[in-house]
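Report on one structure; see the data block that follows.
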Amino acid sequence: MESKINQNKRSANPLGVAPIPGLVRQFAVPSIIGMLVMAAYNITDQIFIGHVVGMYGNAATNVAFPVVTLTTAFAQMTGIGTAANFNLCMGAKKEDEAKKYVGCGMALMALTGIFIMILVLAFKTPILWLCGATENVFPYASAYLGITAFGLPFMLMGNALSNLIRADGSPRYSMLSNVVGAILNVFLDALFMFGFGWGIRGAALATITGQIVSFFVTISYFKHFKSFDLQFKMIGINLKYVISIVKLGTSNFINHMIMMIVNIVLNNMLRKYGAMSIYGSDIPLAVSGIAAKLNSILISFSVGLAQGCQPILGFNMGAKNYERVKKTYKTALGAALCIGIAAFAAFQLAPTQIAGIFGSGNELYFEFAAKYLRIYMMMVCIYSVQPITVNYFTGIGNVKQGIIISLSRQGLFLIPLLFILPVRFGLNGVLYAGPIADVLACILALSMVARSFKHLDYMERNIR
């Protein structure tokens, strides 16, 4: 009798009974907008820097970008790991456990952000050379990273806590916290770079100011947490819960860490093989920086969509509503493919015009930009399959499969291809490594999901 009452309570939660397409829109749209706003920090800087500083400024932000990816990786691990455990506990009606995960997760986020800031400030110079800086680019990159490093703890916590806000059923507030900082960032970019003439340092100051404001808007939400009352005494490190948070956040962490490694390897390969071509080293680095920011838009759509589905997946897996779990994944995948097709058309039809948004350059610069966007970004139509699949496995608690998918595109396929293909095809080999890796990762992800669906069907039959 008691189990039946609990089941009825679970079914009363909209995550367990509302139509899936509507739930995906409700949770994913604010999440996507929030992720797009986070990308706007970097894109706005890139546009202003491209027009004020020029090509070397674009290359500088590209060289500093792996640090942003590193911070995002830890934000994803702590944020999604905490949110996934929270949703699984709430779906299974284990509220006391959910409280402990929230308190431990918040402490872990703060400590991680401070540690990364100290690490970057202590090793700024070797980090920039490792990330592919050239003699011309280094002074700009050093000035930019030297300032933005102080905003990394605020960026990490703001990004990580937004996952927990969505998991608590407030996706719009999560979006709002990021929008406020992004709008401020755009305004300050114009003021500091054009008004005060502070150049690349002005862009860095605008970025960290926006991140700090977003953090304070985000943290204020937890005074009115919906699921239960949060108390300061709940916040603290507990090894048992840290392990569980890291376990469920590892897939997303690995995905972003591999992205950082790919960014570093790609920069160094472009510098090496670009020097052997008519384009030189600086043009490929600058163009790659533009592409990285454009790619952050695609990542925002795919990761935002995936994160928006995480509460739906986690709750229904905990409540054993397996058919709803499958339908959530299919709905997200269909939306992602539509976005990817639109991006493919844009890169193929107007690459030069897109590159022109990020500043001026000579004829060789725009020639390489068009070539890079058309080739390296050729398979963006299927790019979102990987992050959506990673979050699918994270949401249902299958860590091993999530890790494999996280490693696939960048680690198993792209990095080896970046070392192998340029030996035979030079700079063109670097460009074609991207679409080949996309196809291989997509095939692997869909095959693993098909096996997972069969397992869910088996469990559904056993319940009946």
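Read-outs: derived from the displayed coordinates by stated rules, not from any lab. Because the structure is predicted, anything quoted here is derived from the model rather than measured. Cβ atoms come from the backbone with ideal geometry, glycine included; neighbour counts cover every protein chain shown.
Quick check on packing: order 441-450, 79-88, 256-265, 337-346 by the mean number of other C-beta atoms within 10 Å, highest mean leading.
Those peptides, ordered most packed to least, come out 79-88, 256-265, 441-450, 337-346.
Check the straight Cα-Cα distances from Lys124 and name the lysines below 24 Å, setting aside those fewer than 8 residues away within the same chain.
Within the straight-line cut-off, Lys124 pairs with Lys272, Lys293.
Looking at the calculated P(r) for region 356-458, what percent of the C-alpha pair distances fall above 18 Å? Show your work: numbers first, answer last.
Working: 2945 of 5253 pairs.
Pairs farther apart than 18 Å: 56 percent.
Considering only Phe138, Gly426, Val242, whose Cα is most displaced toward the positive end of the charge dipole of region 2-463, charges sitting on Cβ of Lys, Arg (+1) and Asp, Glu (-1)?
The residue sitting most towards the positive pole is Val242.
I'd like to know how region 180-278 sits against the 2.2 N^0.38 Å rule of thumb: what's its Cα Rg over that expected value?
1.64
Can you tell me what the convex hull of the Cα atoms of the chain projects to on average, as an area in nm²?
21.0
If you place +1 on the Cβ of every Lys and Arg, -1 on the Cβ of every Asp and Glu, and leave all else neutral, what size is the dipole of the chain about its Cα centre, to the nearest 20 Debye?
So the dipole magnitude of the chain works out to roughly 1540 debye.
Can you give me the relative contact order of the chain as a percent, contacts being Cα pairs under 8 Å and 6 or more apart?
Computed value for the chain: 24 percent relative contact order.
Where in region 255-271 does the amide nitrogen come within less than 19 Å of the point 7 Å from the Cα of Phe115, taken along Cα to Cβ?
255-258, 260-261
Any chance you could give the angle, 0 to 90 degrees and rounded to 10, that helix 385-395 forms with the longest Cα principal axis of the chain?
Roughly 30 degrees between the two axes.
Which of Lys400/Lys454; Lys93/Lys320; Lys93/Lys233 have a Cα-Cα distance over 20 Å?
With Cα atoms farther than 20 Å apart: Lys93/Lys233.
Around Leu270, with a cut-off of 13 angstrom between Cβ atoms, what is the net charge of the other residues, counting Lys and Arg +1 and Asp and Glu -1? Please report the intermediate quantities before stating the final value.
On the way: positive: Arg271, Lys272, Lys371; negative: Asp282.
Once all neighbours under 13 Å are counted, the net charge is +2.
Which value, in debye to the nearest 20, describes the size of the charge dipole of region 274-420 about its Cα centre when Lys and Arg Cβ atoms bear +1, Asp and Glu Cβ atoms bear -1, and nothing else is charged?
The dipole magnitude comes to about 720 debye.
In degrees from 0 to 90, rounded to the nearest 10, what is the angle of the helix 322-349 Cα long axis to the longest principal axis of the chain?
That helix lies at roughly 20 degrees to the long axis.
Please work out the Cα center distance from region 200-244 to region 67-139, rounded to the nearest Å.
11
What full-extension length gain, to one decimal in nm, is calculated for Lys240 and Ala18 as 0.36 nm per residue of separation minus the Cα-Cα distance?
76.5 nm
Starting from the Kirkwood radius over alpha-carbon pairs of region 317-404, derive D by Stokes-Einstein at 20 °C in a medium of 1.002 mPa s and give it in µm² s⁻¹. If you can, show how the numbers build up before the last one.
Working: Rh = 15.3 Å.
In µm²/s, the coefficient rounds to 140.
Give me a comma-separated list of calculated 3J(HN,Hα) values for region 370-379, in order, Karplus coefficients 6.51, -1.76, 1.60 applied at θ = phi - 60°, integers in Hz, x for any Gly or Pro.
5, 5, 5, 5, 6, 8, 4, 9, 4, 9
Give the angle, between 0 and 90 degrees and rounded to the nearest 10, that separates the Cα long axis of helix 171-189 from the longest principal axis of the Cα atoms of the chain.
Once rounded, one gets 20 degrees.
Put +1 on the Cβ of every Lys and Arg and -1 on every Asp and Glu Cβ in region 269-329; which of Asn295, Leu305, Gly318 then has its Cα farthest towards the positive end of the dipole?
The residue sitting most towards the positive pole is Gly318.
So what's the back-of-envelope 222 nm ellipticity for the chain, counting only DSSP H runs of four-plus at -39500 (n - 2.57) apiece and dividing by all residues, rounded to 500?
-28000 deg cm²/dmol
Sorted by mean Cβ packing within 10 Å, highest first, what order do the peptides 360-370, 405-415 take?
Order by mean packing, descending: 405-415, 360-370.
Dipole of region 2-463 (Lys/Arg Cβ +1, Asp/Glu Cβ -1, origin at the Cα centre): which of Asn87, Leu184, Ala60 lies farthest to the positive side?
Result: Asn87, furthest along the dipole toward the positive end.
Taking the mean number of other Cβ atoms within 10 Å as a proxy for protection, how do you rank 308-314, 289-295, 125-131, 325-331 from highest to lowest?
Packing proxy ranking, top to bottom: 308-314, 289-295, 325-331, 125-131.
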